[in-house]
Amino acid sequence: MAAHAASGLVSDDWTPFAEQAMLVFLLLLGYASFGFVLDGQLRPISAQGLRLRSSFSEWLSETGLGVAMGWAIAVFCVLPIVILGGLAVHVSFNAGSLGWLAVDAGFFLLGTLALEIAFRGYPFQCAILAIGELPASLMMAVLYGILYAWLPGAGRASMAVNVAFGLLLSLAYLRTRALWLPWGLHFGWLASRALLFGLPVNGISSHSPVIQGEPMAPLWLTGRGFGLDGSWVAFAAMLLAMPLLYRATRDMSFRYNAPVLVPGGIAVDLDEAARRQHEAATRPDAPEVKPLVQILPASSTAPLPLASDLDGPRD
């Protein structure tokens, strides 16, 4: 649906960008409908993981941490190529290429957001409720790896890399209960390789109009035409990134995963109770009011009736 809608709206050059934008819109709309109708969610967009933070700095710190970690993983994979083999980089700067570089960055922003909504949004949260966090993370990671295993040029290394990367992204969501950190991590990993180093991503090497990189190293380092997703160095990088991500998100996990305390019993207003106790202790004692006693007069003009008169006949 997204591909057909994009092809009918824009020209061929803008079709990939428009397709990713349409895909994000359709995913949000579809999952929001599921959440509203099936689960009774009042804020179905926020419930998918796109939660608003209390301040812009919190959102920026989460997303920025993800982008930084994705860039660090890419650098970790590129350095052995440079040291052991080499990386030939061709740079072409002009006004048109810089403009399309910005469009390609937007393409990766929308593409990674669509993947996060699909794999860490509503389906992942439903799986957590059904089978638990660890089984749901393993299931979504395997599905993510299978999806990329169908791409041309994929192999066992790419399957292992994408399964490990799926686990890393699930960990990022579970530590923050939002998509901002995994979205930034996903974008940093893909955009760094394509836009900064000019390397192929999932077998496509035409993402960057400015930088084109040609690695000259063994297959297990470069993944050749498929890209770093097919290298075993990337698999090791994903495994090493998990404890680092866990450590870096310690404060975020404490903030967003703290248990919600639900009060039980009868609600008591302690301030009101203390105020009443204070007033009772400081109020002066009121004088005792004795009950009224009616006393009949001592003398009466009519004599009191006798018991024998009461028992006799009455007129």
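The values are calculated or read from the model by the stated rules, or taken from the named source; none is laboratory data. Since the model is a prediction, treat every value here as computed from it, not as a measurement. So basically every Cβ, Gly included, is an ideal-geometry build from the backbone, and we count neighbours across all protein chains shown. Ligands, DNA and RNA are stripped out before the accessible areas are found, and what is left, the full protein with its side chains, is counted by its heavy atoms. Shrake-Rupley method; radii C 1.70, N 1.55, O 1.52, S 1.80 Å.
The table below lists the values:
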| item | result |
| --- | --- |
| Some residue of region 117-125 being in a helix (DSSP H, G or I), open to solvent by 30 Å² or more (accessible area, probe 1.4 Å), over 17 Å from ARG177 (Cβ atoms) and in contact (Cβ under 8 Å) with a residue 24 or more places away in the chain | no |
| Count - residues of region 207-238 that are open to solvent by less than 50 Å² (accessible area, probe 1.4 Å), touching a residue at least 60 places away in the same chain (Cβ under 8 Å), more than 16 Å from ALA88 (Cα to Cα) and in a helix (DSSP H, G or I) | 7 |
| Any hit, region 161-168, residues being of a type outside the set (A, V, I, L, M, F, W, C), under 23 Å from the mean Cα position of the chain (by Cα) and crowded, with 20+ Cβ neighbours inside 10 Å | yes |
| Subset of region 43-79 (residues that are open to solvent by less than 80 Å² (accessible area, probe 1.4 Å), in a helix (DSSP H, G or I) and farther than 21 Å from LEU245 by Cβ) | PRO44, ILE45, SER46, ALA47 |
| Which listed residue, of ALA172, ALA164, ALA136, ALA154, is part of a loop (DSSP other than H, G, I, E, B) and in contact with a helix residue (DSSP H, G or I) (Cβ under 9 Å, 6 or more places away or on another chain) | ALA154 |
| Number of positions in region 126-140 that are under 19 Å from LEU168 (Cβ atoms) and surrounded by fewer than 21 Cβ atoms within 10 Å (Cβ to Cβ) | 9 |
| Failed item, numbered, when PHE34 is tested on (1) of a type outside the set (Val, Ile, Thr); (2) surrounded by 13 or more Cβ atoms within 10 Å (Cβ to Cβ); (3) more than 21 Å from TRP189 (Cβ to Cβ); (4) at pLDDT below 90 | (4) |
| Single residue of region 169-190 satisfying the filter (out of contact with any Gly (no Cβ under 8 Å at 6 or more places or on another chain) and open to solvent by less than 10 Å² (accessible area, probe 1.4 Å)) that is farthest from GLY225 (Cα to Cα) | THR176 |
| Candidate set: region 80-116, residues that are of a type outside the set (A, V, I, L, M), in contact (Cβ under 8 Å) with a residue 40 or more places away in the chain and over 28 Å from MET22 (Cβ atoms); chosen: the one most open to solvent (accessible area, probe 1.4 Å) | PHE93 |
| Any hit, region 62-85, residues being closer than 28 Å to GLY223 by Cα and among the acidic types (Asp, Glu) | no |
